[in-house]
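For reference, the structure is listed below as structure tokens.
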């Protein structure tokens, strides 16, 4: 270990002093995506820059997490207690809040390569500063910006299996390679500073995520500054989401590999995968009711219907909480090994007799993840994992996960052997009839989120034998009270180009696009579109000469409606299957009822006339008896002292009645 590293300090301001002493006042700091930001240190550095205009501070990062700040009215009454409960004990990222409020000083700028979805859609400064890059290219682009300081949240060096090691835990994704690259480039005239902030609430993961303490120049550590991990609450899984997840679960191959993204579509896949394994009879009943095998032959050819006897291996840039549910269910159980020859033997059946004492068999893991982020119960589950279970998870470099050619933790032959029967499942916002997918931005150039690793996994699916890229898309969206199709003829922006088209799933089925001619692709996608839009999509396709002008929509395609989905799932939901929150929820039962009412009100007031009509109905029908008293009290409307509060109360009651609460 280095004799002069790390410098352990209990003051974040002293940490800032040390960094400035080493690198000067022109600081370009790289911060991990999402959870791994050292909040106390970066707040201290940002405040120093605000106080001292001679400091030039450039913060380069992604996904700066902030608690929501509802504006006013019923939303604020609903969200304020919830936000206080979840986030009051977590210090806020001060630079991120100032970015939102357009209050950055002139000597500070913030560049991100991935936004919280939709958070900066109308923020011109951040739109201009956005860096568009694939996750695997982010390291290159960060280095090109001249990063000379890195700040990282770490689990402290308390694990007896890894003495004198910190754990990068939630974010080795870019940091492992960034640390190495910066140290290699460091000279007397090009100083760098690596800063760790310890937090005992961060679970300690070993393997690649454990790094020597002398990796860092400065360490901020004091138990009094520990704070809870930032929670990304579960979102409800709608009926449409559940069917999308179910169709995706039919494509999983036993002894295969799984990558899945965040959000309700990913959670829906996890739920149906657990159902397939744990209650196969009910899963098969829905499979047969939907006539999956006959309608969508790709499921029979590429997927499976039985429980997972050999298990799945997780290889996902984001280790979502669903992987822990798969681990608990015994599904995430296929081990992979750090040796290509051994892995090949294992793939062929079981290790040869002479290998039974091979120490490499003790190095098997069931999960490679680049970063994690999730709800509070996810962090609790990670903390409660036994040492043996935690050793099955290897948090590692995103380049190992997303790039077959990266050699730091394994060559291409090893990765190919590990990733057999790969299913790389990601969500998209829209899909055009030629098979292009829109996932990160609008056609006017504005960015909603970022490319992340989606392109990497789609491309990898085309490179690996027996692998498939699966994009999940809700067939419709509602904006300003108007329902629109997410299967569209064309769009002025794409994230995944048409030449990488593969499998697309909506709640109405599976479109197998790989290697198909354009007419087949167009019709496959029209087939799984909402029936309200199929005729117009067909007309556009025929006008463009992409579909035979004599083709007519088959009758069996024309039942793609929300009512049909509800009818399909109704019998199962009476058995408490396919619920909106199968993995728990941060909301109380009363809050779920209120949330349902507010959703009704939002839908009803999407247009000007809708607002007028809703207000009139509230005046007439917004009286309440004792039935809603607890819900009214939760919304701080049990006593009203203004006309606005009086009207809010009547609107709430109307929403509750309309929602059937």
query: Considering only residues of segment 86-100 that are touching a residue at least 40 places away in the same chain (Cβ under 8 Å), assigned to a helix (DSSP H, G or I) and within 21 Å of the chain's Cα centre (by Cα), which is surrounded by the most Cβ atoms within 10 Å (Cβ to Cβ)?
result: 86
- line: Scanning segment 382-412 residue by residue, those farther than 17 Å from residue 178 by Cβ, more than 18 Å from the chain's Cα centre (by Cα) and touching a residue at least 24 places away in the same chain (Cβ under 8 Å) turn out to be 383, 385, 387, 389, 390, 391, 392, 393, 394, 404, 410, 411
query: Out of all the residues in segment 166-184, is one or more crowded, with 16+ Cβ neighbours inside 10 Å, more than 29 Å from the chain's Cα centre (by Cα), in contact (Cβ under 8 Å) with a residue 12 or more places away in the chain and farther than 30 Å from residue 506 by Cβ?
result: no
field: Failed criterion for residue 289 (all others in (1) surrounded by fewer than 21 Cβ atoms within 10 Å (Cβ to Cβ); (2) closer than 25 Å to residue 380 by Cβ hold)
entry: (2)
query: From the list 600, 636, which residue is part of a loop (DSSP other than H, G, I, E, B) and surrounded by 14 or more Cβ atoms within 10 Å (Cβ to Cβ)?
result: 636
- prompt: Among (1) buried (at least 17 other Cβ atoms within 10 Å of the Cβ); (2) within 23 Å of the chain's Cα centre (by Cα); (3) closer than 26 Å to residue 249 by Cβ, which single condition is residue 450 missing?
  reply: (3)
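Could you tell me whether residue 373 is part of a loop (DSSP other than H, G, I, E, B), closer than 26 Å to residue 470 by Cα and out of contact with any strand residue (DSSP E or B) (no Cβ under 9 Å at 6 or more places or on another chain)? Break it down stepwise before answering.
Working: part of a loop (DSSP other than H, G, I, E, B): yes; closer than 26 Å to residue 470 by Cα: yes; out of contact with any strand residue (DSSP E or B) (no Cβ under 9 Å at 6 or more places or on another chain): no.
When the stated conditions are applied, residue 373 does not pass them.
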query: When you go through 224, 264 one by one, which is the residue that is crowded, with 19+ Cβ neighbours inside 10 Å and either out of contact with any strand residue (DSSP E or B) (no Cβ under 8 Å at 6 or more places or on another chain) or modelled with pLDDT of 95 or more (or both)?
result: 264
- prompt: Got at least one residue in segment 73-94 being assigned by TED's automatic domain parsing to the domain that holds residue 178, in contact with a helix residue (DSSP H, G or I) (Cβ under 6 Å, 6 or more places away or on another chain) and closer than 20 Å to residue 448 by Cα?
  reply: no
- request: Go through segment 516-535 and count every residue that is free of Cβ contacts under 8 Å to residues at least 40 places away in the same chain and either touching a strand residue (DSSP E or B) at 6+ places or on another chain (Cβ under 6 Å) or closer than 21 Å to residue 484 by Cα (or both).
  value: 6
message: If a residue must be closer than 25 Å to residue 170 by Cα and free of Cβ contacts under 8 Å to residues at least 24 places away in the same chain, how many such residues does segment 268-325 contain?
response: 0
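Can you go through 138, 240 and tell me which one is part of a helix (DSSP H, G or I) and under 30 Å from residue 305 (Cα atoms)? Lay out the reasoning, then the answer.
Values: 138 fails: under 30 Å from residue 305 (Cα atoms).
Only one candidate qualifies: 240.
Examine segment 53-72 for a residue that is in the same structural domain as residue 190 (by TED's automatic domain parsing), assigned to a helix (DSSP H, G or I) and either over 26 Å from residue 131 (Cβ atoms) or at pLDDT 95 or above (or both), and state whether such a residue exists. Outline the logic, then answer.
Taking segment 53-72 as the starting set, the residues that turn out to be in the same structural domain as residue 190 (by TED's automatic domain parsing) are 53-72.
Adding the requirement that they be assigned to a helix (DSSP H, G or I) leaves none.
Among the residues of segment 53-72, not one is in the same structural domain as residue 190 (by TED's automatic domain parsing), assigned to a helix (DSSP H, G or I) and either over 26 Å from residue 131 (Cβ atoms) or at pLDDT 95 or above (or both), which makes the answer no.
Only one of 269, 258, 251 is in the same structural domain as residue 409 (by TED's automatic domain parsing) and more than 20 Å from the chain's Cα centre (by Cα); which? Steps first, answer last, please.
Details: 269 fails: more than 20 Å from the chain's Cα centre (by Cα); 258 fails: more than 20 Å from the chain's Cα centre (by Cα).
Just one listed residue meets the conditions, 251.
Quick one: which of 275, 265 is part of a helix (DSSP H, G or I) and farther than 26 Å from residue 455 by Cβ? First the steps, then the outcome.
Values: 265 fails: farther than 26 Å from residue 455 by Cβ.
Going through 275, 265 in turn, just one is part of a helix (DSSP H, G or I) and farther than 26 Å from residue 455 by Cβ: 275.
For residue 587, indicate whether it is touching a helix residue (DSSP H, G or I) at 6+ places or on another chain (Cβ under 8 Å), closer than 27 Å to residue 654 by Cβ and part of a loop (DSSP other than H, G, I, E, B). Give the steps one after another, and end with the answer.
Working: touching a helix residue (DSSP H, G or I) at 6+ places or on another chain (Cβ under 8 Å): yes; closer than 27 Å to residue 654 by Cβ: yes; part of a loop (DSSP other than H, G, I, E, B): yes.
Yes: the conditions hold for residue 587.
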field: Scan of segment 619-633 for residues that are at pLDDT 90 or above and buried (at least 18 other Cβ atoms within 10 Å of the Cβ), ordered by number
entry: 628, 631, 632
task: Tell me which of these residue 538 doesn't satisfy, since it passes every other one: (1) within 30 Å of the chain's Cα centre (by Cα); (2) free of Cβ contacts under 8 Å to residues at least 60 places away in the same chain.
output: (1)
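For segment 397-481, which fully contained helices (runs of 4 or more DSSP H) count at least 2 residues that are closer than 27 Å to residue 129 by Cα and assigned by TED's automatic domain parsing to the domain that holds residue 265? Working first, answer last.
Working: elements: 398-402, 412-418, 454-463.
It comes to 398-402, 454-463.
The values are calculated or read from the model by the stated rules, or taken from the named source; none is laboratory data. It should be emphasised that the depicted structure is a prediction, and the values quoted were computed from it without experimental measurement. Here Cβ is always computed from backbone atoms with ideal geometry, including for glycine, and neighbour counts include all displayed protein chains.
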